[in-house]
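Everything on this sheet refers to the single structure shown next.
Just so it is clear, none of the values below were taken in a lab; they were calculated from the coordinates. Everything quoted here is computed from the prediction, not taken from an experiment. Glycine also receives a Cβ, built like all others from the backbone with ideal geometry; neighbour counts cover every protein chain displayed.
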Amino acid sequence: MTAPLQDSAPPGEGTDAQVIEASRRHPDRFGAVFDRYFVSIHRYIDVRLGSSAADDLAAETFLRAFRGRERFDLTSSSARPWLYGIASNLVAEHRRGEARRYRALARSAEAEEIGSHDERVVQRVSAAVMQPRLAAGLARLSAGDRDVLLLVACAQLSYDEVAEALGIPQGTVGSRLNRARKKLRKIIGPAGEAL
């Protein structure tokens, strides 16, 4: 098993908070935050809503972050939870479409042929995540439970980061994740024991 991709600051550019603070005076500096996190934010939205929505919503995430950079808490050195919070809010605005997509995936597990190696890797991961029973289970979860589960599973956020991203207590993250896992295990059965 390979280690998850980590978002981190390139040497010499400073923490996210330092970059965002500098971008308040020099807007072009915000590009460093975009460079650090765009791929992972895009991947998270792609898993949640599909590739057709991912391009637009990932761009919208960074547009909202840029416009709201004055409100970023500079005591938080990482912008990761803040950006995932914005992305999750955008996903919430498209929630009905997301639930329809999971129901459709539950009915059809056919995968399209993808060309490049990177795209095949993403397809395999997406196919594993979107098996019909799992898709049906995700569609049946409450919005809050689904957000927590997918932020942990797809974005690999810690409980603290999920709590910050969604503006909920850490204990709520744990209880929602536990509840989501139990519901999915009932729906998926023995194949879902790794959840």
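For a modelled paramagnetic label at residue 94, 7 Å from Cα along Cα-to-Cβ, the residues of segment 20-42 in reach, with backbone nitrogen under 17 Å, are 38-42. Here, segment 14-92 has an Rg and a Dmax of 12.0, 36 Å when only alpha carbons are counted.
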